[in-house]
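Everything below concerns the one structure shown next.
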Amino acid sequence: MMNKSCLFCKIVEGTVPSDKVYETKEVFAFRDIHPKAPVHILIVPKIHLTSLAEIHEKNVTILNPLFLAAVHLAKENGILDRGFRTVFNCNPEGGQMVYHLHLHLLGGRPLGGAMGA
Ligand code: 5GP
Ligand code: ZN
């Protein structure tokens, strides 16, 4: 379940500090250390999965609480109606740097047409 060498597992455990904004039984959310927008939150499952590439029919439901948290946090941060973006970066060419599945929630400024986060 936990991966001892994983940064985001350590953040979930609390052994690496983070600016936590939300937690449930299944997910943990904290502010990105290098925010690319006024609101830039990372939403992670407490269970260690490396990336979206590990999702299959049996575990796809793990994504539901990530999206629920994104909507909750968009509302809480005043960007639900203004607009926001959710992004999974997956594997090297997808720009993934940390190999623990995470959903970026970005907003608070016009994000433009580019898909990049
Ligand atoms: P990725 O490129 O893997 O989709 O995104 C990883 C994100 O994690 C980056 O936006 C980066 O700024 C953020 N990040 C990396 N290390 C830390 C950290 O120690 N704490 C926090 N809060 N964010 C981090
Ligand atoms: Zn992990």
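Examine region 2-23 for a residue that is open to solvent by less than 40 Å² (accessible area, probe 1.4 Å) and more than 13 Å from ligand 1 (Cβ to nearest atom), and state whether such a residue exists.
No - not one qualifying residue is present in region 2-23.
Could you say whether any residue in region 60-67 is farther than 16 Å from C6 by Cα, away from ligand 2 (no atom under 16 Å from the Cβ), part of a loop (DSSP other than H, G, I, E, B) and among the polar types (S, T, N, Q)?
Within region 60-67, none of the residues are farther than 16 Å from C6 by Cα, away from ligand 2 (no atom under 16 Å from the Cβ), part of a loop (DSSP other than H, G, I, E, B) and among the polar types (S, T, N, Q).
Looking only at region 102-115, decide whether some residue is modelled with pLDDT of 95 or more, open to solvent by 70 Å² or more (accessible area, probe 1.4 Å) and within 21 Å of V12 (Cβ to Cβ).
No.
Among what's in region 24-50 and is in contact (Cβ under 8 Å) with a residue 60 or more places away in the chain and open to solvent by 50 Å² or more (accessible area, probe 1.4 Å), pick the residue that is farthest from ligand 1 (Cβ to nearest atom).
Among them, the one singled out is P38.
Would you confirm whether any residue within region 73-85 is open to solvent by 80 Å² or more (accessible area, probe 1.4 Å), aliphatic (A, V, I, L, M) and either within 16 Å of ligand 2 (Cβ to nearest atom) or in contact (Cβ under 8 Å) with a residue 40 or more places away in the chain (or both)?
no
The values are calculated or read from the model by the stated rules, or taken from the named source; none is laboratory data. Keep in mind that what you see is a predicted model, and the values were worked out from it rather than measured. Virtual Cβ from ideal backbone geometry, glycine too; neighbours counted across all protein chains shown. Side chains included, ligands, DNA and RNA excluded: accessible areas come from the protein's heavy atoms. Shrake-Rupley method; radii C 1.70, N 1.55, O 1.52, S 1.80 Å.
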